[in-house]
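Notes to accompany the following structure.
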Amino acid sequence: MLYKELKSTSRLREDKLRIMAVGSRIFVTSFQLAGVEGIKVESASEALEHINSLDNVSDVGLVLISEDIGKDIRTQLTNIRANRPIPLIFELPAPGSTKENVDYRALLKQILGV
């Protein structure tokens, strides 16, 4: 009942957005087993090219990038995040990697320009 009320009173987006995984063969294959599309890359610069090419694709809502590749292009990813709210770019640990602490406060400050 509540959903019908919200749907009639507000403009809910009914388009479905896709998820895209970008990373090593193992990282991407893991997500493909769950039904997520993926782009296998060998380097951080190649990953950045693919993420930049998603600017022209309107149906990708979330990009999952392996942290081992993302750490080399973190500044560029932060700039993309600051200029484009969609797709959301989220770094995940690669299989077998060690946990890395991320300073989300500093990241947020950089995105907001504070």
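Some observations on this one:
- Residue selected from segment 87-96 under the condition surrounded by 13 or more Cβ atoms within 10 Å (Cβ to Cβ) and at pLDDT below 85, by the criterion farthest from residue 19 (Cα to Cα): 95
- Here residue 49 meets each of (1) more than 24 Å from residue 112 (Cβ to Cβ); (2) open to solvent by less than 80 Å² (accessible area, probe 1.4 Å); (3) at pLDDT 85 or above with one exception, condition (2).
- When residue 57 is tested against (1) out of contact with any Pro (no Cβ under 8 Å at 6 or more places or on another chain); (2) modelled with pLDDT of 85 or more, only condition (2) is not met.
- Boolean, residue 62 is under 11 Å from the mean Cα position of the chain (by Cα) and open to solvent by 80 Å² or more (accessible area, probe 1.4 Å): no
- Candidate set from segment 65-83 (those that are of a type in the set (Ser, Thr, Tyr) and under 21 Å from residue 112 (Cβ atoms)); member that is most open to solvent (accessible area, probe 1.4 Å): 75
The values are calculated or read from the model by the stated rules, or taken from the named source; none is laboratory data. Owing to the predicted nature of the structure, the values given are computational and were not obtained by experimental measurement. Backbone-built Cβ (ideal geometry, glycine too); neighbour counts: all protein chains shown. Heads up: the accessible areas ignore ligands, DNA and RNA and are worked out on the full protein's heavy atoms, side chains in. Shrake-Rupley method; radii C 1.70, N 1.55, O 1.52, S 1.80 Å.
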